[in-house]
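Just so it is clear, none of the values below were taken in a lab; they were calculated from the coordinates. Keep in mind that this is a model prediction, so the values were computed, not measured. Quick reminder, even Gly has a Cβ in these numbers, built from the backbone with ideal geometry, and neighbours come from all protein chains shown.
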């Protein structure tokens, strides 16, 4: 009888566990040996950061450097799971009204001062008062600090987004001894100069609109990290130049690339890797917004006919090279709250024309039913302008004459949106992780305001208000998903906006870059594990 | 005494001109749709109305335009250019950081265009119907006709993909740590394409202008006299003819300084050159009023000063003007 079979099941399990353990250790050792320490990584971006303090400034441009300079209580993996970061433990109360953070011992800021719960409390209240996403910390009442390593965030209502709000891009922990000097934090001089955080890299140089140079922080609270010596964020407003820099090997990573021509061309380059991962948290959706205060767009039948006359597959495949998948919901498909059971509008020109006839918009002698204008967000042509031009030709086929209006720049377009000086507009909307942060704002009737990226469509459905408010105040994910499922169905049926596609952001990197950030926040995350092979 | 009176009069005229430019710029900049707070909300991915109102209050954008203008004029007269709304940094320091890059580019382009354009013009004037003259004429036409931004883009494509021997973006290598002779060489290496692009159109102009002026001067009596005296052709050409032929070129050079600064905006944008032009362009897009106005004020002062310098150089080259 073989010896193995004579062993007790317990000893067999033990041996298996030991073997697995040894294999893991060997693998970890091999991985550790693979990682090369040192070197300078260059990240190229078109986006210009106003300053480096992500506590008072949202957006990817600031998040990129801010997440390197400032640590946050938690970080997230690529499956939306919270991971310890500055807080080694955390617990959310069953009623969803308090979150306790237990900070690491010995963590220090770049100036050597220890990080305490006072800094956490100060940072969270600063974010609540100053961050552009007011719903993110809106329910927070106060932060208690029973001891230097414990912070308890108290909320007046259950706040299901509070854990996600502890992400590096959303909750940088600021040193109170610097930013708590009484000056307005939004305009604090230390947002740009001599910035002190506790992230994996410390600031060497910030040249506004040009470059940010960071170097390894030797006393970073995660031992042995970061692997890189230096990280340079190089700004070039011209995306084509960035691509050339990548090809020449001057730049190692370029995130937020969506131009199909670039993606297609660079995919053939054996030195580069192109990945769509890392944009799940941002959740960007291109949509066609309707101004519901204007006729005939206030007529649901017209909006449905327009949706039916648009071939989203053409936009996705032909105009965007297949890099931007079709969108059928206000919630990005990467979100846990996304559902596929929404109202769809299969492309059918004849049906669209018949729908307009039935709605009373008969074609005139010249074949025209009515005229509309379409604006577009003055971003990359392939995402906004080209679809707008396509929609003009598509709607012509059903007798709608569309004039494409170009805005010289963002403020010009934003002004039109804010003042409702538009019929239709192509635009990109970001979910920002939890729907509470990025989705509610464009559908709640309480948020019909003269400000871009609010409910500028003037959509008003009390049932949607109730669903969103309910989903924003219950903690049970299943219950939340049910509310959001009902919301997605109603909104796709009533079409205040028609969802076109999910922005096909990709990160392009040199093959020599190891551990390219691919969590839900992608490159808006700490680069402590990134290395150069 | 008369000289000082003239000088004082010119300084007062220049000051009045600059102030008028400031007021005009202020009104024009504020006439554009949208405001800086909307831009900040845009780069933030949205913003609450309360925060937007707070920012407008902080920046004084809630006040009537004439009040904003009065506040701004008061600050400018006391030497304060204000804070950039977008970068939250003093405008003076933003401008100060960018001035060297623009001066390097503009002066490099103007001087190289002046020297090369004049040389080519003189060479082609020696034998107006020669092969060299024809070649320079064609070259000038091409240089004059090609838009600056188009030429820049073509050069970027050529030197980025086909002959990757020259850098096509930025002022320094990305991983440059700065300082030392290596840094100077690095900057000069990066300067080649932007300078050539910006200077080409002026090189074409100067060569045409100096050619025409030389042809004119070479037919004058004093040149005939000089030749009759048996002076060497080189002496006649460079000592007697060129000095006189330079007058129109110098005049144009000074008057065109404003145009060169404007051209720098396009070149800096194409080549990602970190100068004032790019700062101005991006500030316009962001409605960063203090920065736009600061850059325009700086440019106005430079143009006014350059006009005065041109006037003085003109007098140095042609003593008859002083005599008059």
ask   = Per the helix-only calculation at 222 nm, which mean residue ellipticity applies to chain A, given -39500 (n - 2.57) for every DSSP H run of n ≥ 4 and division by its residues, nearest 500 deg cm²/dmol?
value = -8500 deg cm²/dmol
query = For residue B:15 and residue B:222, FRET efficiency with R0 = 41 Å and r from the beta-carbon atoms, rounded to 0.05?
reply = 0.50
Chain A: angle of helix A:477-494 to the longest principal axis, Cα-based, in degrees nearest 10 = 20 degrees
request  = Using the number of other C-beta atoms within 10 angstrom as an exposure proxy, rank A:155, B:73, B:312, B:47 with the fewest first.
outcome  = B:312, B:73, A:155, B:47
query = Along the principal axes of its C-alpha atoms, what lengths does chain B span, in descending order and rounded to whole Å?
reply = 84, 61, 38
key: Cα centroid of region A:326-386 to Cα centroid of region A:197-241, whole Å   = 43 Å
note = Out of B:27, B:181, B:153, a Gaussian network model of chain B with alpha-carbon springs under 10 Å gives the largest mean-square fluctuation to B:181
Distance between modelled label sites at residue A:89 and residue B:132, nm, 7 Å Cα→Cβ extension = 8.8 nm
ask   = Between residue B:229 and residue A:154, how many nm apart are label points set 7 Å from Cα along the C-beta direction?
value = 9.9 nm
message = Among DSSP bridges having both ends in chain A, what percentage is antiparallel? Round to the nearest 5.
response = 75 percent
inquiry  = Rounded to two decimals, what is the ratio between the C-alpha radius of gyration of region B:98-285 and 2.2 N^0.38 Å?
reply    = 1.19
query = Quick one: what Rg and Dmax do you get for region A:281-360 from the alpha carbons, in Å?
reply = 14.2, 43
task = Just need log10 I(q)/I(0) for region B:2-77 at q = 0.16, 0.17, 0.27, 0.28 Å⁻¹, Debye formula, equal scatterers on the alpha-carbon atoms, no solvent, rounded to two decimals.
result = -0.72, -0.77, -1.21, -1.25
task = Distance between Cα centroids, region B:187-264 to region B:1-80: provide it in whole Å.
result = 40 Å
ask   = Using the alpha-carbon centroid of each, what span in Å lies between region B:274-321 and region A:114-188?
value = 46 Å
note = log10 I(q)/I(0) for the protein assembly as shown, Debye formula on C-alpha points only (no solvent), q = 0.11 Å⁻¹, two decimals, reads -1.35
ask   = Over chain B, what relative contact order in percent results from Cα pairs under 8 Å that are six or more residues apart?
value = 26 percent
ask   = Across peptide A:244-254, how many C-beta atoms of other chains are within 10 Å of each residue C-beta, on average?
value = 3
task = In nm, give the distance between the simple-model label positions of residue B:50 and residue A:368, each being 7 Å from the Cα along the Cα-to-Cβ direction.
result = 4.8 nm
inquiry  = Ratio of alpha-carbon Rg to the 2.2 N^0.38 Å globular estimate for region B:198-324, to two decimals, please.
reply    = 1.43
inquiry  = Calculate the FRET efficiency for residue A:445 and residue A:512 from the Cβ-Cβ distance with a Förster distance of 56 Å, rounded to the nearest 0.05.
reply    = 0.60
task = Please report the relative contact order for chain A, taking Cα pairs under 8 Å with a sequence separation of at least 6, and give it as a percent rounded to a whole number.
result = 20 percent
ask   = Between rounded, prolate and oblate, where does region A:336-383 land on the alpha carbon gyration tensor, with a ≥ b ≥ c its root eigenvalues, rounded for a/c under 1.5, else prolate if a/b exceeds b/c?
value = oblate
query = To the nearest 10 degrees, how steep is helix B:242-255 against the longest Cα principal axis of chain B, on a 0 to 90 scale?
reply = 10 degrees
note = By the Kirkwood definition, with r running over pairs of different Cα atoms, region A:168-319 has a hydrodynamic radius in Å of 20.3 Å
task = Using only Cα atoms, tell me the angle between helix B:2-31 and the longest principal axis of chain B; keep it within 0 to 90° and round to the nearest 10.
result = 50 degrees
request  = Express the relative contact order of region B:98-285 as a whole percentage, based on alpha carbon pairs under 8 Å and six or more residues apart in sequence.
outcome  = 36 percent
inquiry  = Given R₀ = 35 Å, what would the calculated FRET efficiency be for residue A:118 paired with residue A:35, taking r from the Cβ atoms and rounding to 0.05?
reply    = 0.50
ask   = Based on DSSP H runs of at least 4 residues, each adding -39500 (n - 2.57), what is the mean residue ellipticity at 222 nm of chain B after dividing by all its residues, to the nearest 500 deg cm²/dmol?
value = -25000 deg cm²/dmol
